[in-house]
């Protein structure tokens, strides 16, 4: 007789029947994640500030599955609540929440303005908290002991090592998001909700475009894996965290960076 501990799970990474929200899902890392969840079988809602970006992303992603786009400015508390209400109007259960919408502000220390703190902290740190708060009833209804609901916060390796660029509010907000992830994981675990963070390294995106255009080859050469991130690297990590395969992981911060931050030696 086969040992029940080693029963195979052909649907280990299958997300069929799952309902997911990916903020900032119209481009870059958010679109990579949305595409991965769709291909794994989930029904996905994406959001972005502009209606045009939402319409175009919905068109591009629709070939991979059932996707809906909702414009929302998530730097505002009322807009987070409005998005949450629209998501819950479609279903009273939310299996996966991906908090990806974010902002970066690069400016030298001497001229770094107040606005750079307010803009970045509102979107990178407050917004994920506001959305968890507003969507908690739907996450609670979706989660079970065997298959918890999932919150996936998108942090950054800028919160693990010190980047060369002057991104004070960005690095600070992502470090705070990593810690918020741990705090929420402890609180929500007993309610069958896991909370984890992904800390991306250099991936092609609008936020990283200028940096990669200038020194992308240098960054890739210094990475232990000698390349930049690819779409499937991010999609695969998100699918793992959202699927049965990741059901016993919570409070973790996973660097997806080719080893750049985790093996840093002063570079």
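No value in this document is a laboratory result; all are computed from the given coordinates. Computed from a predicted model, the values in this text were never measured in an experiment. Neighbour counts are summed over all protein chains in view; Cβ atoms, including those assigned to glycine, are modelled from backbone coordinates with ideal geometry.
A simple packing score, the average count of other Cβ atoms within 10 Å per residue, orders the peptides 238-246, 223-231 as 238-246, 223-231, with the highest score first.
The modelled label-to-label distance for the pair residue 245/residue 66, using points 7 Å beyond Cα in the direction of Cβ, is 2.3 nm. The distance separating the Cα centre of region 92-145 from that of region 164-180 comes to 13 Å. Counted over all Cα-Cα pairs of region 15-256, pairs farther apart than 29 Å make up 23 percent. Beta-bridge orientation, the chain: approximately 0 percent antiparallel, per DSSP, counting only bridges with both partners inside.
Picking from 14, 147, 118, which is most flexible by a Gaussian network model of the chain using Cα springs under 10 Å? Ranking 14, 147, 118 by mean-square fluctuation puts 118 first.
Largest first and in whole Å, what are the equivalent-ellipsoid semi-axes of region 29-170 based on the Cα gyration tensor, each being the root of 5 times an eigenvalue? Gyration-tensor ellipsoid for region 29-170: 28, 17, 16 Å.
Here r is the Cβ-Cβ distance between residue 114 and residue 146 and R0 is 41 Å; the resulting FRET efficiency, rounded to 0.05, is 0.30. Here the Gaussian network model covers the chain, with springs between Cα atoms less than 10 Å apart; of 116, 164, 57, 164 fluctuates the most.
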